[in-house]
Amino acid sequence: MDPLVLGLLVGLASAAPLGPQNAYLLQVGLQLPTARAWGAAALVVGLDVSVSLVGAGLAGRLLSEAPHLRVPALVVGAAVLLVMGGQILWRTRPRRAPRHLLALGTTTAATGAVPGAAVGGWSRRRLVLGALAVTWLNPSALLDSSLLFGGLVASARLADLPVLVLGLCAASVLWTAGFVGVLRAVRARLVERARCWVERAAGAVVVVVGLRFAAQAAGVL
């Protein structure tokens, strides 16, 4: 198989499952204005590509071969993801309208949503920290990159490596752009209540992954 196609297929297959990174993209794709959503997507692509490249080399090997580094990585990753997922669930929790608003009839008739109950704005710091949390601070990303991309690179011919890596990088760009593009297209069609439930599901995924990391760290310890 052509190394470019192989890298593209493997990269898309690794990006498709719903995990912390796609949950983050789900949040920014539904909540942010267009320019900032695409800026966050570009940031995720850059970090994801760097994690893939480094994970296929030194960092992933260190984490897989040195247990004393793997445990702190799992603990940090669990803490970051649990905080991130908890924040998502807290922001999208059901809220009851104040009595004076209910008396004025200011809830949305179609959805029953209360104005102002949507998730608040995203600062640049929150965008960057969120992107880091699902890439460089996610030990699963480094380990998966080491096992998947490292083996793929090791099995390729030296002359095919640049094209193979190009395919892996292109997969990250295509998946992120396509995923965020679809979210932007359906964003206006989602009523507020449906959007909240989608975001809660994303937060639950992040929490579950964080708990999994914590359990793994406890098992190692």
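The values are calculated or read from the model by the stated rules, or taken from the named source; none is laboratory data. Here the structure is a predicted model, which means the values were calculated and not measured. Using ideal geometry, Cβ is built from the backbone for each residue, glycine included, and neighbour counts are taken over all protein chains shown.
Before we move on, is A41 surrounded by 19 or more Cβ atoms within 10 Å (Cβ to Cβ), modelled with pLDDT of 85 or more and under 21 Å from L190 (Cα atoms)?
In short, yes.
Select from the stretch 44-56 the residues that are at pLDDT 85 or above and of a type outside the set (A, V, I, L, M, F, W, C) and write down the one among them that is surrounded by the most Cβ atoms within 10 Å (Cβ to Cβ).
D48
Within the stretch 10-27, take every residue that is under 10 Å from V205 (Cα atoms) and of a type in the set (G, A, S) and give me the one that is modelled with the highest pLDDT.
A23
Give the residue that is modelled with the lowest pLDDT, with candidates limited to residues of the stretch 114-148 that are within 19 Å of V205 (Cα to Cα), in a loop (DSSP other than H, G, I, E, B) and under 17 Å from the mean Cα position of the chain (by Cα).
In this case the residue turns out to be N138.
Could you check G203 against (1) closer than 30 Å to P72 by Cβ; (2) at pLDDT below 75; (3) of a type in the set (G, A, S) and say which number it fails?
The one condition G203 does not meet is (2).
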